[in-house]
Every structure is written in C-alpha cells, then in structure tokens.
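To start, the structure under review is shown below, and the notes come after it.
The values are calculated or read from the model by the stated rules, or taken from the named source; none is laboratory data. Since this is a predicted model, take the numbers as computed values, not measurements. Glycine gets a Cβ as well: all are built from the backbone with ideal geometry, and neighbour counts include every protein chain shown.
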Amino acid sequence: MRLLPLEYAVRNLGRSPTRLALSLCGSMLVVLLVLAAGGFVSGMSGALSAAGGEHNVIVLGAGSEESVERSEIPASVPGVLAASLAGIASQAGVAFVSPEVHVMLPVGLGGAVGLGEEAGGQVPRVAGQATLRGVTPTASLVHERVRLVEGRWPAAGSDQVLAGRALGAVLGVADEAVAVGRRVWIDGRAREIVGRFAAPGTMMESELWMPLEALMEATRRQTISCVVLTLVPYDEATGEGAEIGDVTAFALTRPDLELAVISERAYFAGLSAFYGPIRVVVWVTAGLIALGGVFGGLNTMYAAFASRTRELGTLQALGYRRRAIVLSMVQECTLATAAGALVACGVAVVALDGLAVRFSMGAFGLRMDAGVLALGMAVGLGLGVVGALPPALRSLRPAIPVALKAV
C-alpha cells in the first residue's frame with residue numbers, strides 16, 4: 001500500500017490557522033486537566049506513603065487505630081516503653097521514643113503581641129484550621145524526613161512554635177505571614193514562630209509543632225495521643241534488635257494501659273485507602289470533562305474534513321487507497337494534539353508541579369512525575385486518533401465520481 005508522505009499532513013496543518021489553533025488549545029486544555037488530576041492523585045498518594053518511617057511503630061489507644069487524633073494514652077507510657085523494651089534505637093544515650101499530641105485547632109494571624117490582649121484595636125483573625133503536633137526534641141530523631149531549614153527548635157514549655165514549610169498553603173496566606181519572627185494565635189495566646197522545617201513529600205510540612213507541655217496545656221488534657229518509636233531491625237545472627245511483634249506483646253502484657261500497636265507505614269496506608277474514593281472522583285471528573293473535549297474536537301474535525309471531500313476524491317483518483325488517506329488524516333490530527341500535549345506538559349511542570357493543595361489533613365503538593373507526564377502525552381496522542389478516525393471515515397464514504405463533483 002502506497003502511503004502519503006508525512007510532509008503532506010504537515011502542510012495541511014497550516015492551511016487553516018484557525019482550525020490549528022483550536023486543535024492546539026483544545027488538546028492542551030484536556031491534557032492539562034488530565035495532568036492536574038494525575039498530579040493530584042500522585043501527590044496525595046506519595047505524601048501519605050512517604051510519611052511513615054520504615055522502622056517506626058506507633059503506640060496509641062486501643063480502638064483509635066484509624067485516627068491518631070482520637071487517641072488518648074497515659075503520659076507515662078513513653079517512659080514505660082523505653083524502660084521495658086529492648087531493641088529501641090538510640091543515639092548518645094537518647095532513645096528514639098517520641099511522645100506526641102495530635103490535634104486540629106483554629107490558628108489566628110495578626111493581632112497583639114501580648115498574651116491574649118488586644119493592642120491598638122488589632123484583633124487576631126482566624127486564618128483556618130491546622131494540625132498541631134506537640135513534641136519533644138526526640139521527634140527530630142524519630143521522624144527522619146524532618147529537617148530544620150530556618151531558625152531553631154522551640155524551647156521547652158515556651159510559647160514558641162515550629163512551622164512547616166507548607167503551613168501558609170493550609171491557612172491560605174502567603175509564606176511571609178508565617179515566617180520566622182511572626183506570631184500565630186492558638187487558644188487565645190500569641191505564639192512566636194522561631195523556626196521552619198521541611199519534610200519533603202509528607203503531610204508533616206503543613207503542621208505546626210510546639211512543645212508537648214504547651215500543647216497539653218492549651219488543649220486542657222493530661223494524656224498524650226501516641227508514642228512513635230524507632231526499632232533497630234532484628235538481626236538473627238546476633239539476636240539483637242526488635243520487631244513490631246515485640247511491641248505488640250508488651251501491649252498485651254499491659255491491658256491496664258489499653259494500647260494498640262501499628263507500624264507507621266501501615267497507619268498511613270490505611271489513611272491512603274480511606275481517601276481512595278476522593279481519587280476516584282477526581283479521575284471520573286477529569287474523564288468526563290475530557291470526554292466533552294473529545295466531542296468538541298469531533299465536531300471541529302467533521303466540519304474540517306467535510307470541506308475537503310473533493311481533495312480526498314482526487315487522492316483516490318491518483319491511486320491512493322482509502323486506508324492510506326485515513327492514516328494521513330490521523331497523522332495530521334495527531335500532530336496537532338501532540339503539540340498541544342507538549343505545551344500542556346510544559347505548563348504543568350512550570351506552574352503545577354509542587355503546587356500546594358489543601359484538604360482535611362493538611363496540604364500536599366501536586367507531583368508531575370514521569371508517569372503523570374507520560375499519561376498526559378498518551379492522552380494527547382489518543383485525542384488525535386479518536387478525533388480523526390470517525391470524521392475521516394465519514395468523509396471517504398462517497399464514491400470517487402461523487403467526491404470529485406463535490407462543492
């Protein structure tokens with residue numbers, strides 16, 4: 001079968017600049033939407049899966065395995081765990097045991113510098129809800145992804161806080177509003193931001209960290225939410241180290257404490273499964289809008305190819321078979337949509353990659369990785385094929401004599 005040269009399809013693209021512009025913009029918008037949906041799903045899944053340490057174990061209240069915010073355990077549990085369990089990682093004599101309080105509270109910005117007092121008519125405004133985590137300095141040992149990028153660690157028992165790098169996105173304010181030296185209001189008291197931390201690819205970047213005692217005082221509680229500890233991997237040769245089963249066995253020997261044990265990765269995997277329906281809705285929405293774009297492209301191609309009936313009849317009279325003509329028309333349409341997909345990928349990498357998205361647990365960044373970009377290009381190429389085939393086949397239905405007489 002003799003094929004039409006590729007130059008013929010390329011030349012035809014320039015015959016109608018308006019149609020070319022419509023094809024480029026349509027495919028770009030559809031692919032950009034698919035990329036946004038893919039980046040959303042990839043970013044959410046990555047943030048939830050990356051938050052858990054490989055050897056970290058969470059000890060929390062029985063019955064609260066699905067939400068650490070609902071958990072309550074005695075404040076004495078961290079000390080009991082450190083004294084009773086062998087195989088907990090340590091450094092310079094400090095055990096990797098982090099007692100923590102997790103709670104979501106309103107966070108205010110602006111207002112007076114004093115503690116709960118108005119000054120100069122300024123009243124703090126509530127910027128939004130944020131996840132607060134009460135911690136001790138050992139939290140930096142347990143959560144290995146956390147890195148202090150500016151300032152210092154809050155002093156114990158003080159009204160000082162550590163802000164995550166994505167806190168501004170959660171509160172809907174600029175990063176300057178939660179920079180080091182600024183103040184946030186929690187429970188009617190001004191707390192000074194003395195440092196900022198990064199935890200790339202995790203939800204922790206959208207949190208506010210403060211001394212454990214200060215948050216317990218602010219929430220009027222005498223219990224903590226959980227204990228996160230890091231185990232030394234068990235070595236059969238030396239018999240040293242521990243496994244999660246050892247922690248579970250300890251919890252079973254202390255029914256008075258009412259403890260549950262779960263690996264940190266399993267906990268966040270459960271959260272990821274919980275938010276699975278949201279990801280499905282995102283894909284369905286993107287698919288429906290993309291389908292609307294396909295129908296719009298079909299209308300454009302029907303009108304464009306219908307006006308070229310005589311040209312297609314001439315090509316058949318010159319000896320080109322219908323399959324060769326259809327292939328050339330598909331090439332023509334695919335070139336346009338592929339160009340639009342390339343533009344969409346460029347826009348997504350520059351403007352959407354890392355863009356913070358707020359949701360109930362905090363914030364995460366859209367992630368335009370290789371898989372998402374490959375999906376966008378595949379959608380762009382698919383648009384060209386699907387958008388060209390039906391109009392091309394319909395335009396080739398008339399017999400050659402009828403097509404040559406077409407106006």
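Flag set for G14, criterion: surrounded by fewer than 17 Cβ atoms within 10 Å (Cβ to Cβ), at pLDDT below 80 and not assigned by TED's automatic domain parsing to the domain that holds R133.
Run down G110, G43 and say which single residue is out of contact with any Ser or Thr (no Cβ under 6 Å at 6 or more places or on another chain), more than 19 Å from A341 (Cβ to Cβ) and assigned by TED's automatic domain parsing to the domain that holds V161. Only one candidate passes the filter, namely G110. The condition (being assigned by TED's automatic domain parsing to the domain that holds A155, in contact with a Phe, Trp or Tyr (Cβ under 8 Å, 6 or more places away or on another chain) and over 30 Å from A174 (Cα atoms)) is satisfied by just one residue among A242, A251: A242. Of all residues in the range 164-195, those being among the charged types (D, E, K, R) and assigned to a helix (DSSP H, G or I) number 2. Scanning the range 24-34 finds no residues that are buried (at least 18 other Cβ atoms within 10 Å of the Cβ), within 24 Å of the chain's Cα centre (by Cα) and not assigned by TED's automatic domain parsing to the domain that holds N299. Kindly check whether there is at least one residue in the range 339-348 that is surrounded by 16 or more Cβ atoms within 10 Å (Cβ to Cβ) and over 26 Å from the mean Cα position of the chain (by Cα). Yes, the range 339-348 has at least one match.
Within the range 56-83, the residues that satisfy the criterion of being modelled with pLDDT of 90 or more and among the polar types (S, T, N, Q) are N56, S71, S76. Residues in the range 137-160 that are modelled with pLDDT of 85 or more and surrounded by fewer than 17 Cβ atoms within 10 Å (Cβ to Cβ): P137, E144, R145, R147, L148, V149, E150, R152, A155, A156, S158. Give the residue that is farthest from G245 (Cα to Cα), with candidates limited to residues of the range 73-97 that are in a loop (DSSP other than H, G, I, E, B) and of a type in the set (A, V, I, L, M). For the range 73-97, the residue satisfying everything is A92. Out of the residues in the range 1-41 that are hydroxyl-bearing (S, T, Y) and in contact (Cβ under 8 Å) with a residue 24 or more places away in the chain, which is nearest to T300 (Cα to Cα)? My answer is S23. Residues in the range 161-182 that are surrounded by fewer than 20 Cβ atoms within 10 Å (Cβ to Cβ), within 19 Å of P106 (Cα to Cα) and at pLDDT 90 or above: A179, R182. Please determine whether any residue of the range 374-385 is assigned to a loop (DSSP other than H, G, I, E, B) and under 19 Å from the mean Cα position of the chain (by Cα). No; the residues of the range 374-385 include none that is assigned to a loop (DSSP other than H, G, I, E, B) and under 19 Å from the mean Cα position of the chain (by Cα). What do you reckon, is V41 closer than 30 Å to G346 by Cα, of a type in the set (V, I, T), outside any loop (DSSP other than H, G, I, E, B) and in contact with a helix residue (DSSP H, G or I) (Cβ under 8 Å, 6 or more places away or on another chain)? For V41, the condition - closer than 30 Å to G346 by Cα, of a type in the set (V, I, T), outside any loop (DSSP other than H, G, I, E, B) and in contact with a helix residue (DSSP H, G or I) (Cβ under 8 Å, 6 or more places away or on another chain) - is met.
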